[in-house]
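Have a look at this one.
The values are calculated or read from the model by the stated rules, or taken from the named source; none is laboratory data. Values in this document were obtained by computation on a predicted structure and should not be read as measured data. Positions of Cβ are generated from backbone atoms using ideal geometry, with glycine treated the same way; all protein chains shown enter the neighbour counts. Note: areas computed on protein heavy atoms with side chains; ligands, DNA, RNA excluded. Shrake-Rupley method; radii C 1.70, N 1.55, O 1.52, S 1.80 Å.
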Amino acid sequence: MADRVTVIGWDGSPPTAAARSALGAATLVAGAAHHLALPEVPARAERIRLGSVALAARRIAGHRGTAVVLADGDPGFFGVVRTLRAPEYGLEVEVVPAVSSVAQAFARAGMPWDDAQVVVAHRRTLRRAVNVCRAHTKVAVLTSPGAGPAELGLLLEGVHRTFVICEELGTDREQVTVVTSDKAADHTWRDPNVVIVIGGPVTTAAPENGGWVAGGDPDAAPRGWALPAAAYAGPFGEGETEQLRAAQLARLGPRTGDLVWDIGCGSGAFTAEAARFGAAVIAVDRDPDACARTLATARRFGVQAQIVHGTAPHVLEDLPEPDVVRVGGGGAAVVSAVADRRPARIVTHAATRDAAELVGRDLSEHGYDVECALLQSVELDTRAWTEKERTVGFLLSGRLGDRHP
């Protein structure tokens, strides 16, 4: 095992005294090509091109001597430190940090970033990173080959965002470009780059003295879920009662990185609450007034939502792939069309047992595990403890076994 392992962050600045000391004593140095070309790297040291961090960690674990790993930015922020400290390698590391590429990017843009979301986009996480960009007004995306500004822009079709693209930060070839998301695919971008994605309507006033937690202020949202009708712009449809909405949210479990379809969005209550979980939401309704109400509700609650006016199932054909779907209107035909797209979970409701059985059979034929519950809620007048209103309906949910739960 290496006698000592030092991880040094590099942001284009001259190495610190601690970094120079560690490099001077190194018998093995791992890093990218531009790191290994630094004059401070000893000529006698063994050099490893850092492609696979796991492979480099195994080489370092078997090295007898002093090892240094060079990495761009802050190596403890979505960097190599996590892999090097994995139990299977048994490495104890010292870290000499540098300014992270995200901090540099926001500095170049002259913007604060304590209220930003930060995501990593690889080929396997690109769609989820895009969904975060749909759901939030300020996102920093650490890109990779095949998951860069062009791919982000293409997948954000229908959602207007501004990109601040920072290429090769800290080098002589550094360049900062501002383009709209629909133009990002018209250019070729150099790696590595960071993309700041900004946009969406301003929905809530920023705290006067800044927030208290990174990533957004949770105190800006109302406390509680499945809020009563008075909290929304109404009128409520039969599938929007608090109890049914709470059960729908529980079955779907929307989360950051998900794309939710809300078909038959009505008042926008479900759209707003799914978005409050951090999910991206596309709200669909054939009624233009419902679309307007949903947009107003989203803005009032400080969340982002894409509103699509059209009739399902036809309007669904050009929408990006969903993770979870609520079908609030359209019946069995819409549920069947949604199931064809294979989201991980689907919820809907039915007023009668016959309608519930029809939807349930169709979901089963599509390979979903189906649950159905008869929900009954009774609102009481607490002054006299008498019944005010009773609602009864069937809640159906489908879960696809071959998709991530």
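Can you figure out the FRET efficiency of ASP186 with ARG390, using R₀ = 56 Å and their beta-carbon distance, to the nearest 0.05?
0.45
What's the percent breakdown of Cα-Cα distances in the stretch 239-375 across 5 Å bins, shortest bin first?
2, 11, 22, 25, 23, 12, 4, 1, 0
Right, something else. Which trypsin sites (Lys or Arg not before Pro) in the stretch 217-280 pass both tests, a DSSP loop state and at most 10 other beta-carbon atoms within 10 Å?
Of the trypsin sites (Lys or Arg not before Pro), the ones in loops of the stretch 217-280 whose Cβ has at most 10 other Cβ atoms within 10 Å are ARG223.
For the chain, with a Gaussian network of springs between Cα atoms less than 10 Å apart, report the residue from SER52, SER144, SER364 with the top mean-square fluctuation.
Fluctuation is largest for SER52.
Over 22 Å apart: what share of the alpha carbon pairs of the stretch 1-128 falls there, rounded to a whole percent?
Value for the stretch 1-128 (Cα pairs over 22 Å): 37 percent.
Taking every pair of distinct Cα atoms and averaging 1/r, then inverting, what Kirkwood hydrodynamic radius in Å comes out for the chain?
So the Kirkwood estimate lands at 23.9 Å.
Springs between alpha-carbon atoms under 10 Å, Gaussian network over the chain: tell me which of VAL80, VAL338, VAL195 tops the mean-square fluctuations.
Comparing VAL80, VAL338, VAL195 in the GNM, the peak value goes to VAL80.
Full extension from ARG300 to ALA250: what is 0.36 nm times the residue separation minus their Cα-Cα distance, to one decimal in nm?
15.7 nm
When only alpha-carbon atoms are used, what values of Rg and Dmax, in angstrom, describe the stretch 302-353?
Radius of gyration, then largest Cα-Cα span, for the stretch 302-353: 11.7, 38 Å.
To continue, here is another question. For GLU365 and ALA86 in the same chain, what is the full-extension length gain: residue separation times 0.36 nm, less their Cα-Cα distance, in nm?
96.1 nm
With point charges of +1 on the Cβ of Lys and Arg and -1 on the Cβ of Asp and Glu, referenced to the Cα centre of the chain, which listed residue (HIS314, ALA19, ALA384) lies farthest in the positive direction of the dipole?
So the residue furthest toward the plus end is ALA19.
Working with all protein chains in place, sort LYS388, LYS138 by solvent-accessible area computed with a 1.4 Å probe, largest first.
LYS388, LYS138
Which net charge results for the neighbourhood of VAL164, defined as the other residues with beta-carbon distances under 12 angstrom from its beta-carbon, given Lys and Arg at +1 and Asp and Glu at -1?
Its environment carries a net charge of +2.
Okay, next question. Viscosity 1.306 mPa s, temperature 10 °C: give me the Stokes-Einstein translational D for the stretch 72-157 in µm²/s, with Rh taken as the Kirkwood radius over C-alpha pairs.
110
Something else: For the chain, what does the helix formula give at 222 nm: sum of -39500 (n - 2.57) over DSSP H segments with n ≥ 4, over the residue count, nearest 500 deg cm²/dmol?
So the calculated ellipticity at 222 nm is -7500 deg cm²/dmol.
Run the simple label-point estimate for VAL176 and ASP219 please: 7 Å along Cα→C-beta, distance reported in nm.
Each label point is offset 7 Å from its Cα along the Cβ direction, giving 3.1 nm.
Compute the projected area of the convex hull of the Cα atoms of the stretch 117-240, averaged over all viewing directions, and report it in nm² to one decimal place.
10.6
Only sites in a loop by DSSP and with at most 13 other Cβ atoms within 10 Å count here; which trypsin sites (Lys or Arg not before Pro) in the stretch 5-51 make the cut?
Within the stretch 5-51, the qualifying trypsin sites (Lys or Arg not before Pro) (loop, at most 13 other Cβ atoms within 10 Å) are ARG44.
If you average 1/r over all unlike Cα pairs in the stretch 51-206 and invert the result, what Kirkwood radius do you get in angstrom?
In the stretch 51-206 this quantity evaluates to 16.8 Å.
Relative contact order for the chain: what is it in percent, counting Cα pairs under 8 Å that are at least 6 residues apart?
In percent, rounded to a whole number, it is 11.
Still on this structure, please answer the following. If I model a spin label as a point 7 Å beyond the Cα along the Cα-Cβ vector, how far apart are those points for THR125 and ALA333 in nm?
With each label point 7 Å from Cα toward Cβ, the separation is 4.2 nm.
Quick one: 3J(HN,Hα) in Hz for the stretch 219-236, Karplus 6.51/-1.76/1.60 with θ = phi - 60°, rounded, Gly and Pro as x.
So the J values, rounded to whole Hz, are 6, 6, 8, x, 7, x, 10, 6, 5, x, 4, 4, 7, 10, 8, x, x, 8.
Longest exposed-loop-site-free stretch of the chain, with chymotrypsin sites (Phe, Trp or Tyr not before Pro), DSSP loop and at most 10 other Cβ within 10 Å?
In short, 1-211.
For the chain, with all protein chains present and a 1.4 Å probe, just round the carbon and sulfur fraction of the accessible area to a whole percent.
About 52 percent, which is the carbon plus sulfur part of the accessible surface.
For the chain, with only Lys/Arg (+1) and Asp/Glu (-1) charged at the beta-carbon, what is the dipole magnitude about the Cα centre, in debye rounded to 20?
960
So, for the chain, what is the accessible surface per residue at a probe of 1.4 Å, expressed in square angstrom?
Per residue, the chain has an accessible area of 49 Å².
Something else about it: What's the whole-number percent of alpha carbon pairs in the stretch 178-320 lying beyond 22 angstrom?
So the portion of pairs separated by more than 22 Å is 45 percent.
Taking 0.36 nm per intervening residue step and subtracting the Cα-Cα distance, what contour gain separates LEU358 from VAL378 on full extension?
4.5 nm
Would you mind finding the longest exposed-site-free stretch of the chain, with exposed GluC sites (Glu not before Pro) meaning DSSP loop and at most 13 other Cβ atoms within 10 Å?
318-405
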